[in-house]
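This report concerns only the one structure given below.
Nothing in this text is a laboratory measurement; each read-out follows from the coordinates by a stated rule. These numbers were taken from a predicted model, which means no experiment stands behind them. All Cβ positions, even for glycine, are placed from backbone atoms using ideal geometry, and neighbour counts span all protein chains on display.
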């Protein structure tokens, strides 16, 4: 589910879960554990990547339709994965090998540097197109990762964009040729790892401090509100309709 590759001081975490790395309870828990283990290891930096032509296709919506009990398990697991990734003390580089949609793009933006392979990849936030509200943590990750003047448009319009537009909108930091992705990601990871670990960790902690101060007193109540909204019959009907439209393509 998460392939771990150690190369020098860089640990690569490669998501390999089904055809699209769709986020479900199992992948979220595996990602949380993998980042936690990487933080405890001798690795100085982390690279997060996907498999084939997909980095991450977002939430597994078919699983969401299993019922309210699954939603109650899944959303906390999703928050734990986002939290562990965004607040990790070590530098994390996203090597975006392909499509990064909805939750997949939030994983990308939770990393400290984002490199996208040129090609046919589409990036975007599809949550409102699907009909589900954003978890509060996911919105804060995006708010702190992309330009303020593009934030509302990217959230509300739920449009997918190609590589050049993803760079222009600040969804990624740089574009490289596909054959160069792994090498470039490792080079950036090594560059960030060259900073004394405590200096990097303190700086990152202080950059994230305003978001953390905002989130911590609100997370429990906001998570309960999000679970209730995702369980709402109107939300589930919208998700079911989206899944049916997608399967017909």
| remark: Output ordering of 106-117, 55-66 (per-residue mean of other Cβ within 10 Å, highest first) is 106-117, 55-66
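Starting from the Cα coordinates of the stretch 158-249, work out the convex hull volume and express it per residue in Å³.
Working: hull volume 16.2 nm³, N = 92.
Once divided by residue count, the hull of the stretch 158-249 is 176 Å³.
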| note | Of the stretch 193-208, those with amide N under 19 Å from the point 7 Å along the Cα→Cβ vector of residue 42 are 193-198
| field | Two-site label geometry, residue 234 and residue 26: point separation in nm, points 7 Å out along Cα→Cβ | value | 3.5
| Beta bridge orientation in the stretch 2-193: antiparallel %, DSSP, nearest 5 | 30
| request: Return one number: the angle in degrees, 0 to 90 and rounded to the nearest 10, between the long axis of the Cα atoms of helix 219-231 and the longest principal axis of the Cα atoms of the chain. | output: 40
| Set of the stretch 47-91 residues, backbone N closer than 17 Å to the point 7 Å along the Cα-Cβ line of residue 144 | 79-91
| task | Report the percentage of all Cα-Cα pairs in the chain whose separation exceeds 26 Å, rounded to a whole percent. | result | 35
| Principal-axis tilt of helix 25-40 within the chain, Cα atoms, nearest 10 degrees | 20
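For residue 158 and residue 245, compute 0.36 nm times the residue count separating them, minus their Cα-Cα distance, and round to one decimal in nm. Provide the component values of the computation, followed by the final result.
Details: separation 87, 0.36 × 87 = 31.32 nm, distance 1.62 nm.
Contour length minus the Cα-Cα distance gives 29.7 nm.
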| task | Kindly express, to the nearest 10 degrees and within the range 0 to 90, the angle between helix 68-86's C-alpha long axis and the longest C-alpha principal axis of the chain. | result | 20
| query | Along the Cα-to-Cβ line of residue 213, 7 Å from the Cα, sits a label point; which residues in the stretch 64-104 have backbone N less than 19 Å from it? | reply | 87
| Arranged from highest to lowest average of other beta-carbon atoms within 10 Å per residue, in what order do the peptides 37-48, 122-133, 159-170 appear? | 122-133, 37-48, 159-170
| So how long is each side of the stretch 95-140 along the principal axes, counting just the alpha-carbon atoms, biggest first, in Å? | 30, 23, 8
